[in-house]
1. (1) touching a helix residue (DSSP H, G or I) at 6+ places or on another chain (Cβ under 6 Å); (2) of a type outside the set (A, V, I, L, M, F, W, C); (3) assigned to a strand (DSSP E or B): which one isn't true of S33, the others all being true?
2. Listed residues K62, K50; which is under 14 Å from the mean Cα position of the chain (by Cα) and of a type outside the set (A, V, I, L, M)?
3. In the set S18, S83, S23, S63, which member is under 27 Å from M148 (Cα atoms), modelled with pLDDT under 95 and touching a helix residue (DSSP H, G or I) at 6+ places or on another chain (Cβ under 6 Å)?
4. Right, Y113: under 24 Å from E133 (Cα atoms) and hydroxyl-bearing (S, T, Y) or not?
5. Against the definition (surrounded by 17 or more Cβ atoms within 10 Å (Cβ to Cβ), outside any loop (DSSP other than H, G, I, E, B), of a type in the set (A, V, I, L, M) and in contact with a Gly (Cβ under 9 Å, 6 or more places away or on another chain)), how does V12 come out, yes or no?
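The values are calculated or read from the model by the stated rules, or taken from the named source; none is laboratory data. Predicted, not measured: the structure shown is a model, and the values here were computed from it. As a convention, Cβ positions derive from the backbone with ideal geometry for all residues, glycine included, and neighbour counts pool all protein chains shown.
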Amino acid sequence: MSTSKRRIETDVMKLLMSDHEVSLVNDNIQELSIYFYGPEDTPYSGGRWKVRVEIPDQYPYKSPSIGFTNRIYHPNIDEMSGSVCLDVINQTWSPMFDLVNIFETFLPQLLRYPNPSDPLNSEAASLMMRDIEAYNRKAKEYVRKYAMKDGGEAKSSSKKVAGSTSSGANNSTDAKTDRADGHKTENGDSSDHEDDLDAVEVSSVSSFSDHLSDFSD
């Protein structure tokens, strides 16, 4: 097994053993769906987003692709596709990081400290610089509309490994250029802002080894 594959396997297992709600997409350990909760003391507090993570073959030397599948109002996140600005990811990413760091450090920091000078959502960036209170109100409005656990987001109370997806999960991993700002983003499917996953409950983390057999060969 290559060093990169071994690292992917190790980091995915570590993420599954964490408190995060994790699903595989198409039984592929390099495509994950994880629930992320907005940090306290921010306009995103109380929000619950499903985040798509695509792990490249060059991981950990190349950063994963990250995209929100339900809508969020943030200067560095494309409102419609949910893609996170590649510049922001690459400026922060290091091979020392792992997948857990994305959800416990990187994304919380991104939501706490938006960077309006390097936007994917120009409207959000402009509003933030012009009127921070109005920006906070709009961010909270998006949380209520699209990211409440009992509202726009599907409920999930346990760690899962997914079996398959519906036709709505036809994401591409190719980079695209944002038409409005000229920034590169990772392509994400915004259709209904939610991938429909047929999830299978697992009784323990050890069950995950069955899903790694083909990958490890």
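1. The number of the failed condition is (1).
2. Details: K62 fails: under 14 Å from the mean Cα position of the chain (by Cα).
Answer to the selection: K50.
3. Details: S83 fails: touching a helix residue (DSSP H, G or I) at 6+ places or on another chain (Cβ under 6 Å); S23 fails: touching a helix residue (DSSP H, G or I) at 6+ places or on another chain (Cβ under 6 Å); S63 fails: under 27 Å from M148 (Cα atoms).
Being under 27 Å from M148 (Cα atoms), modelled with pLDDT under 95 and touching a helix residue (DSSP H, G or I) at 6+ places or on another chain (Cβ under 6 Å) holds for just one of S18, S83, S23, S63, which is S18.
4. On the way: under 24 Å from E133 (Cα atoms): yes; hydroxyl-bearing (S, T, Y): yes.
In short, yes.
5. Details: surrounded by 17 or more Cβ atoms within 10 Å (Cβ to Cβ): yes; outside any loop (DSSP other than H, G, I, E, B): yes; of a type in the set (A, V, I, L, M): yes; in contact with a Gly (Cβ under 9 Å, 6 or more places away or on another chain): no.
Here the answer is no, as V12 does not meet what is asked.
To keep it simple, each residue is scored yes or no on (1) in contact (Cβ under 8 Å) with a residue 40 or more places away in the chain; (2) basic (K, R); (3) not in a loop (DSSP other than H, G, I, E, B).
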{"position": "R52", "(1), (2), (3)": "yes, yes, yes"}
{"position": "K62", "(1), (2), (3)": "no, yes, no"}
{"position": "N70", "(1), (2), (3)": "yes, no, no"}
{"position": "E79", "(1), (2), (3)": "yes, no, no"}
{"position": "D87", "(1), (2), (3)": "yes, no, yes"}
